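Accompanying notes for the structure given below.
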There are 2 protein chains.
Amino acid sequence: MSRINLGVTGDYHVHLREGKMMELVTPTIREGGVSIAYIMPNLTPPVTTIEKVVDYKKQLQALSPKTTFLMTFYLSRDLTPELVDKAAKLGAIDGIKCYPAGVTTNSQAGVDPNDFSDFYPIFEAMERNDLVLNLHGEKPSTHNDHDHAHLDDTNVDEAIHVMNAESKFLPALEKLHKDFPNLRIVLEHCTTKAAIDMVEKINAERKPEDPIKVAATITAHHLYITIDDVAGNPINFCKPIAKLPLDRQALIKASTSGKPYFFFGSDSAPHILSNKVRNEGVCAGVYTQNNAIAYIAEIFDKYNKLDNLKKFVSDNGIGFYAIPKEKIVNHDELILVKGENIIPTLIGEGECVVQPFKPGQKLSWTVEWESK
Amino acid sequence: MSRINLGVTGDYHVHLREGKMMELVTPTIREGGVSIAYIMPNLTPPVTTIEKVVDYKKQLQALSPKTTFLMTFYLSRDLTPELVDKAAKLGAIDGIKCYPAGVTTNSQAGVDPNDFSDFYPIFEAMERNDLVLNLHGEKPSTHNDHDHAHLDDTNVDEAIHVMNAESKFLPALEKLHKDFPNLRIVLEHCTTKAAIDMVEKINAERKPEDPIKVAATITAHHLYITIDDVAGNPINFCKPIAKLPLDRQALIKASTSGKPYFFFGSDSAPHILSNKVRNEGVCAGVYTQNNAIAYIAEIFDKYNKLDNLKKFVSDNGIGFYAIPKEKIVNHDELILVKGENIIPTLIGEGECVVQPFKPGQKLSWTVEWESK
């Protein structure tokens, strides 16, 4: 196979920022082979109003007219059930993103993942409006040097750190699903075998005829790297951090499985190079948007799973989000084409330059659009 | 207590490099409060000849006349038992450093830690000459993306990665001690509870009247940081990488315990700033030399263990290495003095600048020398 039709592709976890960065990266959604993009709300300040989300979408649409933008609110105390009802009825948002406070870029306004109960009225509103809850599934670290918490070194056996922050979050996912069995939830950017196992377990308990309520996205970069590749390579630093070889293997198995509750969300998160290459406080995020589908295809190819690629990058996401045809602004289909593809070392110019994942390395596939 | 006499201090794991870097950092041994410095041989090429080690020591001594330099060979196939005998008889070296190939800065010439048997004739020569074997106790990673090993993702349950590389090495330490019960061995820069437990176990099996054969050094920076503090902070990246809160707690307990088989080895490893702040291939190493004792004192103070500080930074090292008085070139004693100490953000000038650990932060102790 040297040409594979992947249909109307989707990336269900996309960071586009604002201003010059937005202008730079928004067109790369389509260049990277993605038709439908699910947009994260962690701007400064976070997206929590109908006015802001409508305006933001308008700006994005102008930058990339053929891209279908699905928009989100940022879960915070600024939201009310009434606002959620209204936003849903207007079709302004498709979901709400939940960030635990302090775990990643612009998550300061996030929630305490040890106790979601204050947000239960919001979740009820989401459930009745059939909005999706997108979870950044990490608990905040407890013992890092930064806050000198280690000077009180009690409870180290229970410590939460970057390596177990996701697995420690999973009981909260299970409880949310139990408390809101009809709320559709996505565990975003899974990085551990434990997360995959939890999503499998929840789906195994579902009756086959029932719709999927809990799904997971998997990024491109987490199919490649482990903690070894983050150590000493700030370009590969993101949250959740890449974990161990057995975790990566579980992610590869899940993404290539064809199972309908695993689909692509790149978590492509651009930062200007000077915020990635610095002595401390390196920004968390890996930029993969401009070759999103090609990165994924490379892995599926290596594992002889290209037959399942369309499920992962197109069908499963459209299925879970139940996206009606009329909501898709352009029905061009993506063709994956065998051919050498050298990843640029930088995109952008001047101050606003971004280094893509695996700069200068070769991929074996490119993409082109077939008009429909 | 606002002044504490720490006697003739020692740092049993010091990287001084060559050329301009050597000129910059060698004087900081004494400035940082260290009298005896045990020097690592990972130059380019590695130190494996008597001529080189004698010349290197001469250069260092000229740069810091009051410092006692203890010198080492680099374990490699360039060494022969005859050379080891000769170097020992001349007093040219005090020990030999063993680097597993490929795990850290300039370790390319190192050995395969899965099979030390080729080096047994060297260890026999070391044992009969009472030289110390200094182990970098890590196994090389097996599944990092760099070498695309993951494309064959077999045996991931047995994978070695930066988080378990030290604990996976410990059986090799145990076997070496069993095969060479009279060889003095130091497990350098311990970073895990597992390593501390192994050193404790080996010493628990020793008859109290017998001399210590297996000891461990602990760095300053590993008493502060965990993997969370390395993620996103390349200045804190070193090998072995900082681990988890429970590991750090074990290191703090061991170092402050006063037990004679735990002593200070800073592993201060200077790199020019541009090799630490880059997009990939950040050099492994944390520079702590210019405040070596003050970093340690801060931790002992916070844990109310200043009474044991002299053991950790002076007595235990001199005891294990059995350093005769006449070998110490200067008998000045170090006085730890309570007082604000702001860590410089950079040392050096021009291209050759180094960023110390915790740049710009405050410590509560300074040091001064009392002439003897």
Suppose we filter segment B:333-372 for residues that are open to solvent by less than 20 Å² (accessible area, probe 1.4 Å) and either among the aliphatic types (A, V, I, L, M) or out of contact with any helix residue (DSSP H, G or I) (no Cβ under 9 Å at 6 or more places or on another chain) (or both); how many remain?
6
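Being within 14 Å of another protein chain (Cβ to nearest Cβ), over 21 Å from the mean Cα position of the chain (by Cα) and not in a loop (DSSP other than H, G, I, E, B): is that true of A:D118 here?
In short, no.
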Given the conditions (1) surrounded by 24 or more Cβ atoms within 10 Å (Cβ to Cβ); (2) closer than 30 Å to A:Q355 by Cα, and given that A:M198 satisfies all but one, which numbered condition is not satisfied?
(2)
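Kindly indicate whether any position in segment B:272-282 is over 28 Å from B:N106 (Cα atoms), under 21 Å from the mean Cα position of the chain (by Cα), of a type in the set (S, T, N, Q) and surrounded by fewer than 22 Cβ atoms within 10 Å (Cβ to Cβ).
no
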I want to confirm something. Restricting to segment B:1-23 and keeping residues that are open to solvent by less than 40 Å² (accessible area, probe 1.4 Å) and part of a helix (DSSP H, G or I), which single residue is farthest from B:K372 (Cα to Cα)?
B:G19
Filter result for A:K207 (within 27 Å of B:K239 (Cβ to Cβ), charged (D, E, K, R), open to solvent by 20 Å² or more (accessible area, probe 1.4 Å) and assigned to a loop (DSSP other than H, G, I, E, B))
no
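For (1) within 28 Å of the chain's Cα centre (by Cα); (2) more than 9 Å from chain B (Cβ to nearest Cβ); (3) modelled with pLDDT of 85 or more; (4) buried (at least 23 other Cβ atoms within 10 Å of the Cβ), each residue gets a yes or a no:
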| position | (1), (2), (3), (4) |
| --- | --- |
| A:E127 | yes, yes, yes, no |
| A:G137 | yes, yes, yes, yes |
| A:L151 | no, no, no, no |
| A:V156 | no, no, yes, no |
Limited to segment B:323-332, what total is found for residues that are open to solvent by less than 50 Å² (accessible area, probe 1.4 Å) and in contact with a Lys or Arg (Cβ under 8 Å, 6 or more places away or on another chain)?
2
Residues in segment A:239-246: is at least one among the basic types (K, R), more than 18 Å from A:H136 (Cβ to Cβ) and at pLDDT 95 or above?
no
Being more than 11 Å from chain B (Cβ to nearest Cβ), assigned to a loop (DSSP other than H, G, I, E, B), out of contact with any helix residue (DSSP H, G or I) (no Cβ under 7 Å at 6 or more places or on another chain) and surrounded by 21 or more Cβ atoms within 10 Å (Cβ to Cβ) is the filter here, so list the residues in segment A:210-258 that pass it.
A:T219
Any idea how many residues of segment A:100-135 are in contact (Cβ under 8 Å) with a residue 60 or more places away in the chain and farther than 20 Å from A:P181 by Cβ?
7
Go through segment A:159-199 and report how many residues are touching a Lys or Arg at 6+ places or on another chain (Cβ under 9 Å) and without any contact (Cβ under 8 Å) to a residue 12 or more places away in the chain.
1
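The values are calculated or read from the model by the stated rules, or taken from the named source; none is laboratory data. Just so it is clear, the structure is predicted and the values come from calculations on it, not from any experiment. With ideal geometry, Cβ positions are generated from the backbone for all residues, glycine too; neighbour counts draw on all protein chains shown. Remember, those area values only see protein heavy atoms, side chains included, never the ligands or the DNA or RNA. Shrake-Rupley method; radii C 1.70, N 1.55, O 1.52, S 1.80 Å.
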